[in-house]
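What follows is a short report on a single structure.
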Amino acid sequence: MENEIKIIGLIADDAKNFAGLLGKVKITSHKVKDAKRIKDKIKKVSKGDKSILSQDDLDRWYSGMVDNTRIVCSISSSFNAGTMDVSPLINAWNNYVAFVNSLPDTIEYPNTPANQQKVQVIRQKEVEIKNCFNNGDDTVYNNFARELGTFERNGIELENSRNAFENSPSSTNNITRIQNAMQALLNQNNHLGQFSLVTSPRTTAIFQRHSDLITRFQKVYFTDEIDRLRQEYITYNYVVPKRSEFVNSVSGSSYSFAELNFGEYGYALLNSRMIAGLEAIKTSLGNKIAVTSCFRNPKKQASLPGGSSISQHCYGTAVDLRTSNNQTLWNRVAKATCEAGANYVEPQAQSTLDHVHGDWRGTSVGTSYCNTTFAAKDGEMFEEI
Ligand SMILES: [Zn+2]
């Protein structure tokens with residue numbers, strides 16, 4: 001499964017910040033008072049001529065319905081694909097509700113053709129104002145739904161960039177791609193956070209969808225120490241080790257992790273052949289030789305004076321053993337390193353008398369000190385000591 005996210009559950013040093021950012025987003029929502037009450041009130045309009053004083057109420061109702069409908073419909077029609085805030089529409093609607101509530105519960109009016117016409121208009125406006133409100137509400141809701149779709153695509157790119165970095169790291173499938181995807185997701189999330197919608201079952205559902213997507217993408221967004229370490233292998237043109245190859249402890253060694261990690265991270269590569277070779281050297285010599293360098297991250301390697309661009313130290317297969325400018329000691333350590341199966345022991349001309357470099361790179365190296373006649377000779381000298 002190429003799209004499977006394999007690293008869910010890792011603790012990231014900056015994951016908490018991201019979770020905090022996403023968690024802070026609150027989508028404002030409004031509850032619109034039930035329109036049914038207004039409709040019921042309109043139903044109560046009855047014909048009659050018991051009191052001519054009610055003519056004022058009918059006229060007020062009539063003009064109020066015309067005015068409020070015009071305002072609500074005007075706001076609604078001003079909404080466009082960029083509108084994020086439904087509040088002006090809600091305010092106009094609430095004014096309309098307050099107006100209707102200010103009317104007497106029952107209005108009896110003189111039964112004249114002109115009044116019947118007004119009642120007809122009131123009923124039409126009641127339908128019209130609801131439609132206008134719903135249209136405006138739909139516009140803002142659909143805008144949110146569209147932007148949420150973008151948010152989901154941003155998150156999928158984040159997942160894809162993470163998988164690509166894990167499974168096929170390259171100059172394009174790198175940590176920058178993950179960080180760019182993360183930034184796009186954060187920006188879009190902030191954009192979503194500015195929306196104001198009307199509370200309803202559909203907004204409850206779409207907020208839940210947003211929340212579910214956040215939960216999903218939070219699991220993959222982060223970049224951690226191992227990511228930054230692996231990125232160095234891309235940057236410095238090394239073969240990129242798998243995430244699982246990095247360790248932060250060592251077992252089966254007389255040396256502690258701290259004694260073997262000369263990198264700038266809390267993780268290192270410590271090849272098992274190298275660890276076994278180091279133990280064999282210790283057994284052979286009868287004591288622990290100080291390690292002057294072992295694992296180095298590519299950036300540190302590049303910063304060393306005269307450090308070769310590609311070093312076995314960056315793969316955790318190489319170790320440097322202190323020989324303190326002592327020729328006899330150098331010979332002993334070099335011989336023991338050869339006997340411990342090192343693929344390459346650096347000739348003294350390169351390593352100097354300061355240390356013996358041995359590595360277990362997995363393939364034999366013709367120029368290894370072990371292949372010279374000096375090795376056997378040094379060994380004999382050592383036997384005589
Ligand atoms: Zn070395």
Determine if the range 283-293 includes at least one residue that is touching a His at 6+ places or on another chain (Cβ under 7 Å) and surrounded by 14 or more Cβ atoms within 10 Å (Cβ to Cβ). yes
Assess whether E264 counts as being surrounded by fewer than 16 Cβ atoms within 10 Å (Cβ to Cβ), acidic (D, E) and outside any helix (DSSP H, G or I). yes
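A quick yes/no check of all residues on (1) touching a Pro at 6+ places or on another chain (Cβ under 9 Å); (2) surrounded by fewer than 13 Cβ atoms within 10 Å (Cβ to Cβ):
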| residue | (1), (2) |
| --- | --- |
| Q55 | yes, no |
| G64 | no, no |
| R70 | no, no |
| V97 | no, no |
| V100 | no, no |
| T112 | no, yes |
| V121 | no, no |
Consider only pairs whose beta carbons are under 6 Å apart and that are at least six residues apart or on different chains; among these, list those whose first residue lies in the range 218-230 and is under 16 Å from G155 (Cβ atoms) and whose second residue is charged (D, E, K, R) and surrounded by 22 or more Cβ atoms within 10 Å (Cβ to Cβ). V220/R162
Residue list for the range 147-181, filter: within 23 Å of S244 (Cα to Cα) and among the hydrophobic types (A, V, I, L, M, F, W, C): L158, A164, F165, I175, I178
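Taken together, the values in this text are just the output of simple stated rules run on the coordinates, not laboratory data. This one's a predicted model, so the numbers in the text were calculated from it and none came from an experiment. Reconstructed Cβ throughout: ideal geometry from the backbone, glycine too, with neighbour counts over all protein chains shown.
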